[in-house]
Every structure is written in structure tokens, then in C-alpha cells.
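Here is the structure we will look at, set down as C-alpha cells.
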Amino acid sequence: MGVTHQHRPWGYSNSSDDLKPSWALHEDTLAVRAGLARSGFGETSEALYLTSGFTYDSVEQANHAFAEEIDHYVYGRFANPTISMFENRLAAIEGAPLCVATGSGMSAMFSSLACMVAAGDRVVAAASMFSSCWVVLAEFLPRWGVQVEFVTGNDPEVWAAALQEETKAVFLETPSNPMLELVDIAMIADLAHKVGALVIVDNVMASPILQKPLALGADVVMYSATKHIDGQGRVLGGAILGSEDYIKNTLNPFVRHTGPSLSPFNAWVLLKSLETMSLRVHRMNDNAQVIAQYLEGLPQVSSVNYPGLASHKEHQLALKQMSGGGTTLSFEVAGGQEALYEVMNNLRVIDISNNLGDSKSLITHPYSSTHRRLDEATKAAMGITPALARLSVGLEHAGDLIRDLEEAFK
Ligand SMILES: *Cc1c(COP(=O)(O)O)cnc(C)c1O
């Protein structure tokens, strides 16, 4: 789109060959360069096109634009140049053919499934997940006649039993929020494809940097861009990535007419954030590894959930399908909720907040906040006890974070 503009759109499927480097660019280069579509003024930074609509030179041009015979933006709910830059850059980093940006992670999660299921269809999901995703799968979809089955754990036999009959979609969150449980994407994708199911991975906790679900056999990846992609606590956003067939023929008709669109301003913030995402996520991952090891040694801490620890029950799987343990961990305090509340209230650097993936370290009590809405039995089955804290590790110096925890536990 915008073919009259000066492009350096590496990672575009329609990139002009004379501007394209002759070698395949590294992901870190794509994060800074891919999708860039300069306006013709030669601006260094990506432009923010804060417009809801577009004009035409003639009524004939409008006619051709609506008929999709020419590349011309028609309306903000369909596409916008700044949003396209964000979508193309994220697709290049992910190694996905196409991307659709949405206004939040939940609109991405909901749209990724709602665009393809109808009454009577069957969906299978890994049981450990973010609570709003659970509400969509356990409450809304069944209300519309979709049969949803949850599978606990990562046992290949249990998954094989759940994937014996025709299934429309398999939804996986790995690592899961807040228990950091893992499921084997490649193993489940093999089973799912045999019964005709599309595999959708909520890759929020790993981020686009530490896990590549499409390369492991998944068909669709979704993000809350609010988390590591922004990573600085400013805007909500979401994204869905997948094949040309899924995006063009299944997802686009749904999102264009139901309107979960991202604002161009938020897209611009997220686009610029992609340039530093790799640096941020790697540093946060290193800090989280150090803090997980520190917490594991504390007598007041009864358990630490972090895929980067050798004690994690799926540590071998983490080594296989992730390139780091991630930026978030959870832990249980031996003294129960009361002791945990005291520790959390004593922190001086780490903030109490329910967001994650932020440059600021944030701690939350899932039982009474993010996962509050789930009933007791569901929380207990997921392992979300009153003594559990989730810690999203930020970009502060690891020494200060450990000192903060040390003082708070005294
Ligand atoms: C936060 C989150 C979401 C939802 O994203 P929003 O941007 O808050 O709508 C979905 N899945 C996971 C794993 C999350 O952590």
C-alpha cells in the first residue's frame, strides 16, 4: 500500500527488489528496519498517520480502491499506514507471512478464535492460562454453542486422547500466566493437525524474542502488545500473526466488520518499541533468571515457578522450545497470604501492579487481582493459591532488585 511513497519495506511480501539487501537480514535488523514506509519527506523516524479516513483523486479511484483493484487505504477500521508499518515489522520479526494488529491482547485472542468457530464446533485448550482467555473459552464460546475441552498438563497421551475427534482449533498459552507451565507446541501441533485443527498460541509470556511458535508447528500466534512489545507501560495493543490464507480469508473479514482496530497513535508507540524489544527482553530475561535462583534459595519461599530453573518440571522442554526462561516468574511464600502481603508491602523498588513485561519490575497477587474472577475450584486446579505472587522482572539493576527482595523478606 502507498506505492507512491519511498519504501524500504524489507519483510514486505511486495518489497521492491532494487532496495532490498541481497542477504537475509537478522531479526535484530528487521526490528529496526522492516516495514518502514517513508512518506517522501525523507523523515528518519516512522511517521504517525493520525487519520481515520483517506481521500481519493477521483470517484473512479475510490471505486477501484473499494474493489481492491488498486493499493489505496480506504478507512481506519481496515488499515492505516502507521498500523501497517507495525504489522509488517512484527511479522518480519516473527517470521510470519502476515499480521493484523488489534486494540488489545484480548481483542486479538477473541478475534483469533471467533473468526473461525461456529455453533457445533469443538475447541481444545491447554487449561493453564490468563483469566480473561479462560472467560472467553469457558463462558462465552460455550454460550454460542462451541464445545470447549480443557487439557491439563503436557502428557502426550492425555493430549492424544483429547485430539481424537474432529477439532476446529487448539488454543495454547505457553508459558502460562501466572504458573509458568509449559506445553510442547510441536507435539500438540502434530496431534492437532491430524484432526484438522488450527493451532493458536498465546505467546505473550515468552514474547516474540524468546519463542517462535510458527517454527515449532503452530498456525497462528497472538500477542498482547501491551506487555513486552510496548514494554514501557504506556498503551494497550494486540496482534495476530498467521498464514496468508488464515489472515486474508478467515480473520480479515471478521475484524474488518467487528472493529477491534488498534489506534494509529498506539501503533506508532508499539512500532518504535519493536526497535528496542530484543535488548529489553534479553536483559529482563537475564535479570529474571538471577532473581529466580535467588528466590529458590530463600527459606521463606516454598516454591519458585520459572522455566529457566533446572527444578522446573518442563525445564528440558523450555531448553528445546524457548531461548530463555522468560521475564516473569511466580513463587509461593511458606507463611501464606499474610506473610506474602507483608513482603509485597515492604518492597521499595518493585511496584505492586498487575501488568507484566514492563521495564519496571512489577509484583502482583493473582489470587485477589488478575485471577480473582475465577471460581475457587478453577483457581485451585490452576495452582493459584493465596500464597502465590507473580513477579515481572524489569530493567532495573539485578543487584537492586535482589536487595529490595532481601530487605522485604527480613
Ligand atoms: C495480558 C494478557 C492477555 C490480554 O492482553 P490485554 O492487552 O491486557 O488485553 C492475554 N494473554 C496473556 C497471556 C496475557 O498476559
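Annotations
- Placing unit charges on the Cβ atoms only, positive for Lys and Arg and negative for Asp and Glu, gives the range 274-409 a dipole magnitude near 380 debye about its Cα centre.
- When the Cα positions of Leu362, Leu317, Val333 are compared along the charge dipole of the range 274-409, Leu317 comes out farthest toward the positive end, with charges on each C-beta of Lys, Arg, Asp and Glu.
- Sites listed here are GluC sites (Glu not before Pro) in the range 151-216 whose DSSP assignment is loop and whose Cβ has at most 13 other Cβ atoms within 10 Å: Glu165, Glu166.
- Helix screen, the chain: DSSP H segments with Cα axial length of 27 Å or more and mean Kyte-Doolittle hydropathy at least -0.5 are 264-296.
- If the segment from Val195 to Phe78 were pulled out straight at 0.36 nm per residue, it would be longer than the present Cα-Cα gap by 38.8 nm.
- FRET efficiency estimate (nearest 0.05) - Cβ-Cβ, Thr44 to Leu298, R0 35 angstrom: 0.15
- Rolling a 1.4 Å probe over the protein heavy atoms of the range 258-410, with every protein chain left in place, gives an accessible area that is 52 percent carbon and sulfur.
- Modelled spin-label separation between Ser311 and Ala160, with each label point placed 7 Å from Cα along the Cα-to-Cβ direction: 3.3 nm.
- Straight Cα distances below 15 angstrom link Lys168 to the aspartates and glutamates Asp121, Glu149, Asp190, Asp219, with same-chain residues fewer than 8 positions distant left out.
- Cα-based shape type of the range 274-409, given that a ≥ b ≥ c are square roots of the gyration tensor eigenvalues and the cut on a/c is 1.5: rounded
- Taken about its Cα centre, the chain carries a charge dipole of roughly 500 debye when the Cβ of each Lys and Arg holds +1 and the Cβ of each Asp and Glu holds -1.
- Rounded to the nearest 20, the size of the Cβ-charge dipole of the range 158-213 about its Cα centre is 140 debye, with Lys and Arg at +1 and Asp and Glu at -1.
- Our estimate of slack between Asn63 and Ala334, defined as 0.36 nm per intervening residue step minus the Cα-Cα distance, is 90.8 nm.
- For the chain, the equivalent ellipsoid derived from the alpha-carbon gyration tensor has semi-axes of 37, 26, 19 Å in decreasing order.
- Across the chain, the longest piece that holds none of the chymotrypsin sites (Phe, Trp or Tyr not before Pro) lying in DSSP loops with up to 15 other C-beta atoms within 10 Å covers 145-410.
- Extension gain for Asp71-Glu342 works out to 91.7 nm (0.36 nm per residue, less the C-alpha to C-alpha distance).
- Relative contact order (%) - the chain, alpha-carbon pairs under 8 angstrom, separation at least six: 15
The values are calculated or read from the model by the stated rules, or taken from the named source; none is laboratory data. Just so it is clear, the structure is predicted and the values come from calculations on it, not from any experiment. For neighbour counting, all protein chains shown are included, and Cβ atoms are generated from backbone atoms with ideal geometry for every residue, glycine included. Calculation scope for accessible area: heavy atoms of the full protein, side chains included, ligands and nucleic acids excluded. Shrake-Rupley method; radii C 1.70, N 1.55, O 1.52, S 1.80 Å.
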